[in-house]
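A quick write-up on the structure given underneath.
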Amino acid sequence: MPQMSLLTMKQGAILFWTIWLALVFLGNLCDFLKHLGVLNKDWKFASGNYELIHKTTDVYHLPETAVRILFVGVLIWEALATLLMGAALISFSGDMSSAVYTAFGVSLGLWAAFLIADEVFVAYPMEPIHFPIFIAQLITLLALYLLPNAK
């Protein structure tokens, strides 16, 4: 039986983050489409994050337009992170490339922005959700960099 190489495991890690980010993006997109009335309120696959952001930003009484702009900004950032992670996966042959660094940089930036927003909007209950994702992605990046590609 052939053994799985470290290169395959590294590719699997990038594949995981690509799929995970895609699902996060799609869940948030569906949630926004439900909010806009494009999708039926009974649509099951939706994150619920639009209402969460609305409640979180209410500490400063942001208008609905500002909340929508923030949410669309998050959607764009998530879509970009997903696409870049997919591109990194396709191009990954074991060597650290600008595609890998860019994908993880954009994704880590998203989670760092959420952590900063948690502080700005006094949303401390969200930090235990955002911080482990940030750390897990950082550990993945370090593993990609530090581990050899040997069999």
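Nothing in this text is a laboratory measurement; each read-out follows from the coordinates by a stated rule. All of these numbers come straight from a predicted model, not from anything done at the bench. Positions of Cβ are generated from backbone atoms using ideal geometry, with glycine treated the same way; all protein chains shown enter the neighbour counts.
Key figures for this structure:
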item: Cα-based shape type of the range 1-90, given that a ≥ b ≥ c are square roots of the gyration tensor eigenvalues and the cut on a/c is 1.5; result: prolate
item: Within the range 12-56, trypsin sites (Lys or Arg not before Pro) in DSSP loop having at most 13 other beta-carbon neighbours inside 10 Å; result: Lys41, Lys44
item: In degrees, nearest ten, helix 64-91 long axis to first principal axis of the chain (Cα); result: 10
item: Shape call, the range 46-146: gyration tensor on alpha carbons, a/c limit 1.5; result: prolate
item: The chain, relative contact order [Cα under 8 Å, separation at least 6], %; result: 32
item: Length added when fully stretched, Tyr145-Thr102, from 0.36 nm per residue minus Cα-Cα; result: 14.1 nm
item: Whichever aspartates and glutamates have a C-alpha closer than 17 Å to that of Lys34, once near sequence neighbours (fewer than 8 apart) are set aside; result: Asp42, Glu51, Glu64
item: In degrees, nearest ten, helix 127-146 long axis to first principal axis of the chain (Cα); result: 20
item: Segments 134-142, 63-71, 10-18 sorted - mean Cβ within 10 Å per residue, highest first; result: 10-18, 134-142, 63-71
item: Cα centroid of the range 92-151 to Cα centroid of the range 13-52, whole Å; result: 20
